[in-house]
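Notes for the one structure printed next.
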Amino acid sequence: MSDSKKTHYRKVFKSDHLGVADLEDFLESGSNLIFTISRVNQEYSAKVAGKKIDANIAYFKEAIKPMVLNATNSKVMRELTGSCFVENWKEVIVQLYIDRDARLMGEVVGGVRISPRRVRVEKPVVRPENKKMWANAKVAYLRDESFNQVLERASMSKEHQNQMILEIQNA
């Protein structure tokens, strides 16, 4: 039987929070482990691994379990956001990885880590073929009389900008 059809021993330990076994599943399916943290809450008496603890817990936009942010990951979030306040740790794109050398109470157990490197996400490109983006860009241009707002969220070639201006003038 191939390893991909076998069951990881950690799956039996049901967890409501993101763990190594969960990331291994994502890796097997080809994920680059890039996710967007929608918010982080400080939760008191949160049930984690059968114990009640006080923890910073990150919730994601994507359909994955929330992640308990230990001290190491909390420090990375502070560095990525420039803020020590968890309320400012929202809408942050992160890349997760498995640290096989992570320790818990002196024992090597492995753990989920947030990469300290900023994730570069390419902006979507506004083209006439994407009718919805094109229409939204037109609305923004008509409202602002410039492409400034459009170019904050997307990229658009000079050629397409000129094409859009001509379409607006000829409408």
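The values are calculated or read from the model by the stated rules, or taken from the named source; none is laboratory data. It should be emphasised that the depicted structure is a prediction, and the values quoted were computed from it without experimental measurement. Here the Cβ positions follow ideal geometry from the backbone for every residue, glycine too, while neighbour counts run over all protein chains shown.
Name the pairs: first residue in segment 93-106 and in contact (Cβ under 8 Å) with a residue 40 or more places away in the chain, second residue among the polar types (S, T, N, Q) and assigned to a strand (DSSP E or B), Cβ to Cβ under 7 Å, at least 6 apart or on different chains?
Note: pairs meeting the criteria are I93/T36.
Which of the following residues is part of a strand (DSSP E or B), assigned by TED's automatic domain parsing to the domain that holds M105, of a type outside the set (S, T, N, Q) and under 12 Å from the mean Cα position of the chain (by Cα): A46, A58?
A58 is the lone residue from the list that is part of a strand (DSSP E or B), assigned by TED's automatic domain parsing to the domain that holds M105, of a type outside the set (S, T, N, Q) and under 12 Å from the mean Cα position of the chain (by Cα).
Quick check, is S74 more than 12 Å from L18 (Cβ to Cβ), touching a strand residue (DSSP E or B) at 6+ places or on another chain (Cβ under 7 Å), of a type in the set (S, T, N, Q) and surrounded by fewer than 12 Cβ atoms within 10 Å (Cβ to Cβ)?
No: the conditions fail for S74.
Can you tell which of A137, A102 is closer than 30 Å to N162 by Cβ and of a type in the set (G, A, S)?
Every option except A137 fails the conditions.
Residue by residue through segment 104-124, note down the ones that are among the β-branched types (V, I, T) and either at pLDDT below 90 or surrounded by 18 or more Cβ atoms within 10 Å (Cβ to Cβ) (or both).
Of everything in segment 104-124, those that are among the β-branched types (V, I, T) and either at pLDDT below 90 or surrounded by 18 or more Cβ atoms within 10 Å (Cβ to Cβ) (or both) turn out to be V108, V109, V112, I114, V121.
Please go through segment 140-171 and give me each residue that is without any contact (Cβ under 8 Å) to a residue 12 or more places away in the chain and surrounded by 12 or more Cβ atoms within 10 Å (Cβ to Cβ), ordered by number.
A140, Q149, L151
Would segment 53-70 turn up any residue that is polar (S, T, N, Q) and over 15 Å from R113 (Cβ atoms)?
The answer is no, given that none of the residues of segment 53-70 is polar (S, T, N, Q) and over 15 Å from R113 (Cβ atoms).
What pairs come up if the first residue lies in segment 27-47 and is free of Cβ contacts under 8 Å to residues at least 40 places away in the same chain, the second is of a type in the set (A, V, I, L, M) and loosely packed, with under 14 Cβ neighbours inside 10 Å, and their beta carbons are under 9 Å apart, counting only those six or more places apart or on different chains?
E43/I53; Y44/I53; S45/I53; A46/I53; K47/I53
Taking the condition touching a residue at least 12 places away in the same chain (Cβ under 8 Å) and either over 18 Å from N73 (Cα atoms) or buried (at least 16 other Cβ atoms within 10 Å of the Cβ) (or both), does R127 pass?
When the stated conditions are applied, R127 passes them.
Failed condition for R113, given (1) in a strand (DSSP E or B); (2) within 17 Å of S38 (Cβ to Cβ); (3) in contact with a helix residue (DSSP H, G or I) (Cβ under 7 Å, 6 or more places away or on another chain), with all others met?
(2)
For segment 85-100, indicate whether the set of residues that are outside the structural domain of L151 (by TED's automatic domain parsing), more than 14 Å from the chain's Cα centre (by Cα), under 30 Å from V150 (Cβ atoms) and not in a strand (DSSP E or B) is non-empty.
Yes - at least one qualifying residue is present in segment 85-100.
Here is a list of conditions, (1) touching a Lys or Arg at 6+ places or on another chain (Cβ under 6 Å); (2) assigned by TED's automatic domain parsing to the domain that holds E159, and A137 meets all of them except one; can you say which number that is?
(1)
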